[in-house]
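Below: one structure, written as structure tokens.
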Amino acid sequence: MREPTETTLDAARAGDQDAFEQLIAPYRRELRVHCYRMLGSLEDAEDILQETFLRAWRKLSTFEERATLRAWLYKIATNAALDLIESQRTRMMPNAAEPLSPGDPLPQPLPDTYWIEPLPDTLVDDQPSANPEIRYQAAESVTLAFLAALQRLPGRQRAVLILRDVLGWSAKETADILKMSPTAVNSALQRARTTIQQTRPTRPGVSTPDDLIQPLLARYVKAWETADTGQLIALLREDAFMTMPPLPAWYRGREAIRWFLDSILFMPPMRKPMRLLPTRANGSPSFAIYQPDDTGVFHPVALHVLTIEDGLIAGIDDFLSFDGRLFARFELPTSL
């Protein structure tokens, strides 16, 4: 990525906002995703992105070009995200707690600030990197399982792991961003890697070829649109999970999910016709779910983010939509 010309930089320092926008525009997309990885929330990421550019605008005169503009912006964004992490609760997915058993009543939803939020794939640059320092490619580094593991790390360990293993920054570059010594960076990185290995789900699964995924997804759509529990359960791994944020609830295993579908979701008055629109979130196949009102107009009710392993569905993260914000982020229709 090209660094700014002296002319543009001088104009921005002189107060030219158009020149400043030219400076930051090439980095806006990647900084947004960086903040999202740090915070687990697209809404928070947008707020920190704006705070980053506000701080950069105010401090542009202090940018001495000893580092690149990209590194300088990452330094501002990372530290702004760390400030927010210190002041708010850690986000998670519902399966961080014990699963519900068949027959347990559904709990009331908790505030959105409890939960990791889904990210549209359209915001992620999923081109593979040849940087040998990178351990996690773009698509893997935004999966919900990886984000849930990240959020369990203390803020600085989280930042070090992202900067080193996701973005491929050197220990010295990371130290400069976080005002740490390279030795402290390497120590924090080892602790973070150990925690990630302990908390991330580890499965020996084999990736599913694309020519098998599409028929699987077609059967998934048909099963939901026809409320066919048997067909849906047949698509799941034996140990599949289903979460339902913002409800602090989830089910583990085919039989528990079958009970939920037959006893709650596919029973009147909950049971209504559904329509599914394909999308992608967090590097995974996903579906926007719509149900009709009394006039027959279909409205958003949920976003399903699927985890697929060994040719079967290993997980359904069912993000319930109680307002239009979630679907607006994905630029999905507000009605069908």
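The values are calculated or read from the model by the stated rules, or taken from the named source; none is laboratory data. Because the structure is predicted, anything quoted here is derived from the model rather than measured. Virtual Cβ from ideal backbone geometry, glycine too; neighbours counted across all protein chains shown.
Annotations for the structure displayed:
Matching residues to (1) of a type in the set (S, T, N, Q); (2) in contact (Cβ under 8 Å) with a residue 40 or more places away in the chain; (3) closer than 27 Å to ARG89 by Cβ:
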| residue | (1), (2), (3) |
| --- | --- |
| TRP115 | no, yes, yes |
| PRO120 | no, yes, yes |
| SER141 | yes, yes, yes |
| LEU144 | no, yes, yes |
| PRO154 | no, no, yes |
| SER170 | yes, no, no |
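- Any hit, region 98-111, residues being over 16 Å from THR195 (Cβ atoms) and assigned to a helix (DSSP H, G or I): no
- Members of region 53-87 found to be touching a helix residue (DSSP H, G or I) at 6+ places or on another chain (Cβ under 7 Å) and assigned to a loop (DSSP other than H, G, I, E, B), listed by number: PHE63, ALA67
- Against the numbered list (1) touching a strand residue (DSSP E or B) at 6+ places or on another chain (Cβ under 9 Å); (2) within 30 Å of TRP259 (Cβ to Cβ), THR122 comes up short only at (2).
- Flag for LEU60 being touching a residue at least 12 places away in the same chain (Cβ under 8 Å), surrounded by 14 or more Cβ atoms within 10 Å (Cβ to Cβ) and over 23 Å from GLN17 (Cα atoms): no
- Subset tally (residues that are aliphatic (A, V, I, L, M), under 23 Å from PRO109 (Cβ atoms) and within 26 Å of the chain's Cα centre (by Cα)) for region 266-285: 3
- Of all residues making up region 269-320, the number that are surrounded by fewer than 22 Cβ atoms within 10 Å (Cβ to Cβ) and more than 25 Å from GLU255 (Cβ to Cβ): 16
- Filtered residues of region 307-323 (kept if out of contact with any helix residue (DSSP H, G or I) (no Cβ under 9 Å at 6 or more places or on another chain), of a type outside the set (A, V, I, L, M), on the phi < 0 side of the Ramachandran plot and in contact (Cβ under 8 Å) with a residue 60 or more places away in the chain): GLU309, ASP318, PHE322
- Qualifying residue in region 267-275 (condition: assigned to a strand (DSSP E or B) and modelled with pLDDT of 95 or more): yes
- Matching entry among ALA288, ALA256, ALA223 (being in contact with a Leu (Cβ under 9 Å, 6 or more places away or on another chain), assigned to a helix (DSSP H, G or I), under 30 Å from VAL124 (Cβ atoms) and not acidic (Asp, Glu)): ALA223
- Among all positions in region 123-142, there is no residue which is buried (at least 22 other Cβ atoms within 10 Å of the Cβ) and either among the basic types (Lys, Arg) or not in a helix (DSSP H, G or I) (or both).
- Some residue of region 299-308 being polar (S, T, N, Q) and within 22 Å of VAL124 (Cα to Cα): yes
- Qualifying positions in region 34-52 - assigned to a helix (DSSP H, G or I) and buried (at least 18 other Cβ atoms within 10 Å of the Cβ): HIS34, CYS35, TYR36, ARG37, MET38, LEU39, LEU42, ASP44, ALA45, ILE48, LEU49, THR52
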